1. Go through region A:75-91 and give me each residue that's in contact with a helix residue (DSSP H, G or I) (Cβ under 8 Å, 6 or more places away or on another chain) and closer than 12 Å to residue B:123 by Cα.
2. All but one of (1) more than 24 Å from the chain's Cα centre (by Cα); (2) not in a helix (DSSP H, G or I) hold for residue B:215; which doesn't?
3. How many residues, within region A:37-63, are crowded, with 16+ Cβ neighbours inside 10 Å and either small (Gly, Ala, Ser) or near ligand 1 (Cβ under 10 Å from one of its atoms) (or both)?
4. Can you confirm whether region B:174-181 contains a residue that is away from every other protein chain (no Cβ under 14 Å), aliphatic (A, V, I, L, M) and closer than 23 Å to residue B:90 by Cα?
5. Based on this model, can you work out whether residue B:103 counts as buried (at least 20 other Cβ atoms within 10 Å of the Cβ), in contact with an Asp or Glu (Cβ under 9 Å, 6 or more places away or on another chain) and within 14 Å of chain A (Cβ to nearest Cβ)?
6. Being away from ligand 1 (no atom under 16 Å from the Cβ), without any contact (Cβ under 8 Å) to a residue 24 or more places away in the chain and away from chain B (no Cβ under 13 Å), is that true of even one residue in region A:138-160?
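The values are calculated or read from the model by the stated rules, or taken from the named source; none is laboratory data. These numbers come from a predicted model, not from an experiment. Please note: Cβ atoms are built from the backbone with ideal geometry, for glycine as well, and neighbour counts cover all protein chains shown.
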Amino acid sequence: MNAPQNDTPILRAEHFSKYLTGRKILDDCSISMRPGDVKVLIGPSGAGKSTFLQCINCLLEPDEGEIWLGERRVDFKNTRELYDLRQHVGMIFQDFKLFDHLSAENNVALALRKVRGLSKAEALKRAHEELARVGLEDKAKLYPAQLSGGQKQRVAIARALAMDPTILLLDEPTSALDPELVGEVLTVIRDLAARGMPMIMVTHQMEFARAVATEILFMEAGHVIEQGSPEELLAPGAQTRTQDFCTRLYELCGETPVEEG
Amino acid sequence: MHILSTIIEALPYILEGTLVTIVLVAGALSLGFCLGVPMAVAQVYAPRPAAMLVGFYVWFFRGVPVLLLLFLFYYGLFGLIGLDVGTIGASCIVLGMTSAAYQSQIFRGSILSLSAGQLKAGKALGMTNGQTIIHVILPQALRLSIPGWSNEYSILLKDSAMCFALGTPEIMARTHFVASRTYEHLPLYITAGLIYFAITMAGVTMLRRLEQKARIPGYNSAGM
Ligand SMILES: Nc1ncnc2c1ncn2[C@@H]1O[C@H](COP(=O)(O)OP(=O)(O)OP(=O)(O)O)[C@@H](O)[C@H]1O
Ligand SMILES: [Mg+2]
């Protein structure tokens, strides 16, 4: 996308800590994104993956830590900079969070109009382009309640992409979907990765992670405890926590572990 | 046929009062809406002091009889601050401020019934809280509020009869005036009752139409 060509990270989240109800949910977690990076966060339930992700666009304000957009440190106490950060960082939620009262096209168009100041016609034109990119050009007039889960998630992706984010955060984008609908959403995400959209994704789709991720971060109890390429962490006999976790995941889901290659 | 001719003779006079009642109700509902929406938003989203201030307002207006409020404001407060808006204006303001207390709680309930995710989604797109509340939260919350609002309409309409005590020339005052002169209490009050009944039905029917028109496609008849 509009990523800088040099080697400066486009986004860095450094030494994030977050307390919720007196408990330290995130403890010194960092992540750095370069153009084209696709990083996958995995880890057991309650590890703090969602919290980490939501701190990166300040839906939850980190108690400690810094966010850097390129060379610039974001002062997220400053509301201007905060809203600017959120425009740079798109987010996809597990439960879609579409605006229930708006048709697909208006879901995409709303922020274009209100944040970007586009006219209604311009915003709708852009909305149709984005919906076409996720294969939903014929569903533009339908409302969330008239769409399948997979279609809703694709509208959510179109809505996030319409804001021209420099990076996309995805929090378990397929885990609320019926199994037969997972594929259509993963295809869209894979396509984005192929086009170089930097992404941080929480997912338990390990085959997908192995195929697309440039790095896997394994989280537990608020810490990133392992970090490395899928080849490193998931190599047969690697004896990593990641490997171990994935094996248990496969056993749980009854899937067969993916062989190397 | 004496009764009938009394009614027919009094009818234009009472119908003029009907117009006044409609103005009262429309004015009070509008004022209540304009105050009630920001009050509900403040109670849900504003910092504690503002939310508590609204809470106090609601507590006060819900805790005191409308009749007392009418006297308190019209003879008391308005005189004190030198506000002269006439009986119709005063009735409108007092009914409207009372209605605001009730309406704010209808809207607050609807806002709270929406998932917090809607606000999160707006924020994640770079919209301000204000923009998200105006363009995402309220359009949904107001739709959900129509049944409760319809109820508030019918209650307010009947409360407006109390403005009679200020001498506001609405249905009740005029009916009472004619009845006390002609001694035809029964037929006249029945007529007034029928008029109230008709206005209630008309309003409730209109609001039900609105509710259907505003229904979000894909949701069942329960609304959401
Ligand atoms: N609003 C909150 N208040 C208090 N504690 C919270 C809150 N949100 C999350 N937590 C706690 O923070 C911890 C991390 O939660 P988080 O949702 O980030 O985990 P997760 O790794 O995303 O888990 P999952 O895989 O189940 O989505 C959990 O122990 C959770 O109970
Ligand atoms: Mg989570």
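1. A:86, A:89, A:90, A:91
2. Here residue B:215 meets the rest and fails (1).
3. Residues of region A:37-63 crowded, with 16+ Cβ neighbours inside 10 Å: A:37-43, A:47-60, A:62.
If we keep only those that are either small (Gly, Ala, Ser) or near ligand 1 (Cβ under 10 Å from one of its atoms) (or both) too, we end up with A:41-43, A:47-55, A:60.
Number satisfying all stated conditions: 13.
4. no
5. no
6. Yes; the residues of region A:138-160 include at least one that is away from ligand 1 (no atom under 16 Å from the Cβ), without any contact (Cβ under 8 Å) to a residue 24 or more places away in the chain and away from chain B (no Cβ under 13 Å).
Listed here are the residues, each with its yes/no results for (1) within 30 Å of residue B:198 (Cβ to Cβ); (2) within 14 Å of chain A (Cβ to nearest Cβ).
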{"position": "B:83", "(1), (2)": "no, no"}
{"position": "B:128", "(1), (2)": "no, yes"}
{"position": "B:134", "(1), (2)": "no, yes"}
{"position": "B:141", "(1), (2)": "no, yes"}
{"position": "B:151", "(1), (2)": "yes, no"}
{"position": "B:154", "(1), (2)": "yes, no"}
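Condition check ((1) modelled with pLDDT of 95 or more; (2) in a loop (DSSP other than H, G, I, E, B); (3) over 15 Å from the mean Cα position of the chain (by Cα)) across all residues:
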residue	(1), (2), (3)
B:137	yes, no, yes
B:154	yes, no, no
B:160	yes, no, no
B:188	no, no, yes
B:198	yes, no, yes
